[in-house]
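Chemist: Sharing a structure below in structure tokens format, with a few things to ask.
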Amino acid sequence: MSAPYTILIIDDDETTHDVLGLYLNRAGYRVLRADNGREGLALLRAELPDLALLDVQMPELDGFQTLEQARRDLGIASIPVIFLTSLDRHNLKVKGLELGADDYIVKPFHSGEILARVKATLRRSARFQRSDGRVEGDLASLSLAELLQTMELGRKSAVLRLPDISGTVYLEGGALVRVEQGRFTGRDAMLRLLLLERGGFQAAFGELPANLVRETESVGYLLLEGLAYLDELSFLIGAESRAIVEAVAELPGLGVPGGDRLLPLPFPEYLSLMEGDLKENAQLLVAAAAAGLVRLSGVAA
């Protein structure tokens, strides 16, 4: 499986870098940053990103001048460029497109719209070629978010198996049609796969099982929702996420199938086995640990 798509943001606005970089990172892209046109041109030549998001109003070189220079440089002339600007004027959109921009997005932008525009532009890029067959890899080098995002871009139909965390993901034409993790399905399963993300994967491309029960979801939406949810969860459990659960008292709401036979377990893994909402369960476990009802070792998971 190839590396994730790289996107270069060329903008002198700190907030744009923070917000847009967060959206793109959560969607599985590798993000680079340049604060002006000259720096952006240097990074285009050095990194050869798959896409550049370019502001119009910048010091030293504005966006139009930057794009003109990029299109005259044979080494980077084919890199797709999307203008991202607060200037909502028809003549500027026409100028940008005539200079060779692939799209023109006006700030403020909505995360769903910009991700959709990015995907549409990448589908037209030179790199966008994937081969069918079977692919194996490890989530240590390619995250689940990156893997799913790549399959969505390629509009692939595939069965993705994650045996180390009891997960299976079914995609049809790039859309998620079913997600399983142990006895969980749908959103609950995806959240647990993202929480437990580790181990190897095998992807088999082609037709899905004829008797598959479909629960169609947008890959991008579910990943964004899931990763934002897990950010909140990581903040909630803090250092407890690195601890190993040694013993759990017999308390309502804290049990998992198999009980004490499964212990010790890493905190996130124990959490993933509990029924119901992950955040509510994490609050229960953290409170129980503070009260001494759940014993945690000092060994890092």
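The values are calculated or read from the model by the stated rules, or taken from the named source; none is laboratory data. Bear in mind the structure is a predicted one, so any value in this text is a computation, not a measurement. Note that we place each Cβ from the backbone using ideal geometry, even for glycine, and neighbour counts take in every protein chain shown.
Chemist: Would you confirm, using the coordinates I've provided, whether ASN36 is polar (S, T, N, Q) and in contact with a Pro (Cβ under 6 Å, 6 or more places away or on another chain)?
Modeler: Against the criterion (polar (S, T, N, Q) and in contact with a Pro (Cβ under 6 Å, 6 or more places away or on another chain)), ASN36 qualifies.
Chemist: If you take the residues of region 203-215 that are of a type outside the set (D, E, K, R) and surrounded by 12 or more Cβ atoms within 10 Å (Cβ to Cβ), which of them is farthest from PHE184 (Cα to Cα)?
Modeler: Selected residue: PHE205.
Chemist: From the residues in region 264-289 that are in contact with a Ser or Thr (Cβ under 7 Å, 6 or more places away or on another chain) and buried (at least 19 other Cβ atoms within 10 Å of the Cβ), which one is modelled with the lowest pLDDT?
Modeler: First, the residues of region 264-289 that are in contact with a Ser or Thr (Cβ under 7 Å, 6 or more places away or on another chain): 264, 267-268.
Narrowing further to those that are buried (at least 19 other Cβ atoms within 10 Å of the Cβ): 267-268.
Working: PHE267: 70, PRO268: 74.
Selected residue: PHE267.
Chemist: Quick check on region 40-77: of everything there that is small (Gly, Ala, Ser) and surrounded by 13 or more Cβ atoms within 10 Å (Cβ to Cβ), which residue is nearest to VAL106 (Cα to Cα)?
Modeler: The extreme case among them is GLY63.
Chemist: Among the strands (runs of 3 or more DSSP E) contained in region 109-221, which hold 2 or more residues that are modelled with pLDDT under 85?
Modeler: It comes to 134-138.
Chemist: Here is a follow-up. Is it the case that some residue within region 26-39 is outside any loop (DSSP other than H, G, I, E, B), among the aromatic types (Phe, Trp, Tyr) and crowded, with 16+ Cβ neighbours inside 10 Å?
Modeler: No, region 26-39 has no match at all.
Chemist: Is there a residue being modelled with pLDDT under 65, assigned to a helix (DSSP H, G or I) and more than 18 Å from the chain's Cα centre (by Cα) anywhere in region 290-301?
Modeler: So far as region 290-301 goes, no, none of its residues is modelled with pLDDT under 65, assigned to a helix (DSSP H, G or I) and more than 18 Å from the chain's Cα centre (by Cα).
Chemist: While we're looking at this one, here's another question. Identify, from the list ALA175, ALA145, ALA203, the residue that is in contact (Cβ under 8 Å) with a residue 24 or more places away in the chain and in contact with a strand residue (DSSP E or B) (Cβ under 6 Å, 6 or more places away or on another chain).
Modeler: ALA203
Chemist: Something else: Which of the residues belonging to region 40-95 are farther than 18 Å from ASP12 by Cβ, part of a loop (DSSP other than H, G, I, E, B) and over 23 Å from the mean Cα position of the chain (by Cα)?
Modeler: Of everything in region 40-95, those that are farther than 18 Å from ASP12 by Cβ, part of a loop (DSSP other than H, G, I, E, B) and over 23 Å from the mean Cα position of the chain (by Cα) turn out to be ASP73, LEU74, GLY75, ILE76, ALA77, SER78, ASP88, ARG89.
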